[in-house]
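See below for the structure under consideration.
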Amino acid sequence: MTVGIPEPNYEDPKELYAFFGLAYYNAALREHGVLNLAVAMLAKQDLGLTVGDVDKLYESFDKATFGRIIKQAKELFPFPNNVEADLEKALNYRNYLAHKFFVVHDTDFLTPTGRNGMIDELIDIIRFLKPLDARMDVIWKSAWEAFGITQEWIDQQFDALV
């Protein structure tokens, strides 16, 4: 499901938080796409895995940082150079959002013009992250196809949940 980036109106004080949430959400999606790939590549090393074994592989990354997940995935999968560089940039954005965004903008937060600039920066981050998600989806989904996990199967599971 692809959702566009809303147009800001810059009037609602909650809008900054909404765009921050959307940016962080997109960073988390990139992280999970890399996690899906890492788990698929680890699973390929033992084709006799059960569903429980796959769950344990996912759980083994529960406390892993995005950087560690990228490192593990790179050890198992040869990323094209442009994807590897974009993943590093996504990692930097994720860390920036989690640890520095509001600190860097401490005084910007105090004025409407500053908050508008913060929203614009968040939109730029989202614009970078969204296309990377589509590129990562192709990579991790192709890795899972060896197990019969196809787009059709994923759609069926999603439809069953909804």
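The values are calculated or read from the model by the stated rules, or taken from the named source; none is laboratory data. This structure is a prediction, so every number in the text was calculated from the model and none was measured. All Cβ positions, glycine included, derive from the backbone under ideal geometry; neighbour counts span all protein chains shown.
Could you grab me the full set of residues in the range 46-61 that are in a loop (DSSP other than H, G, I, E, B) and either within 17 Å of the chain's Cα centre (by Cα) or not acidic (D, E) (or both)? Before you say what the answer is, go through the steps one by one.
Filtering the range 46-61 for residues in a loop (DSSP other than H, G, I, E, B) gives 46-50, 61.
The answer is L47, G48, L49, T50, F61.
Filtering A43, A64, A73, A90 for residues that are modelled with pLDDT of 90 or more and either outside any loop (DSSP other than H, G, I, E, B) or surrounded by 14 or more Cβ atoms within 10 Å (Cβ to Cβ) (or both) leaves a single hit, A90.
Does E84 fit the bill of being surrounded by fewer than 19 Cβ atoms within 10 Å (Cβ to Cβ), of a type in the set (D, E, K, R), free of Cβ contacts under 8 Å to residues at least 24 places away in the same chain and within 17 Å of V138 (Cβ to Cβ)?
Numbers: surrounded by fewer than 19 Cβ atoms within 10 Å (Cβ to Cβ): yes; of a type in the set (D, E, K, R): yes; free of Cβ contacts under 8 Å to residues at least 24 places away in the same chain: yes; within 17 Å of V138 (Cβ to Cβ): yes.
Considered against the rule, which asks whether it is surrounded by fewer than 19 Cβ atoms within 10 Å (Cβ to Cβ), of a type in the set (D, E, K, R), free of Cβ contacts under 8 Å to residues at least 24 places away in the same chain and within 17 Å of V138 (Cβ to Cβ), E84 comes out as yes.
The rows are residues; the columns are (1) without any contact (Cβ under 8 Å) to a residue 12 or more places away in the chain; (2) under 19 Å from E31 (Cα atoms); (3) polar (S, T, N, Q); (4) not in a helix (DSSP H, G or I).
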| site | (1), (2), (3), (4) |
| --- | --- |
| R115 | no, no, no, no |
| I119 | no, no, no, no |
| I126 | no, yes, no, no |
| M136 | no, yes, no, no |
| F158 | yes, no, no, no |
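In the range 136-157, the qualifying residues are those that are surrounded by fewer than 17 Cβ atoms within 10 Å (Cβ to Cβ) and under 19 Å from the mean Cα position of the chain (by Cα), and the one that is nearest to T107 (Cα to Cα) is D137. Every condition in (1) touching a residue at least 12 places away in the same chain (Cβ under 8 Å); (2) surrounded by 12 or more Cβ atoms within 10 Å (Cβ to Cβ) holds for P13 except the one numbered (2).
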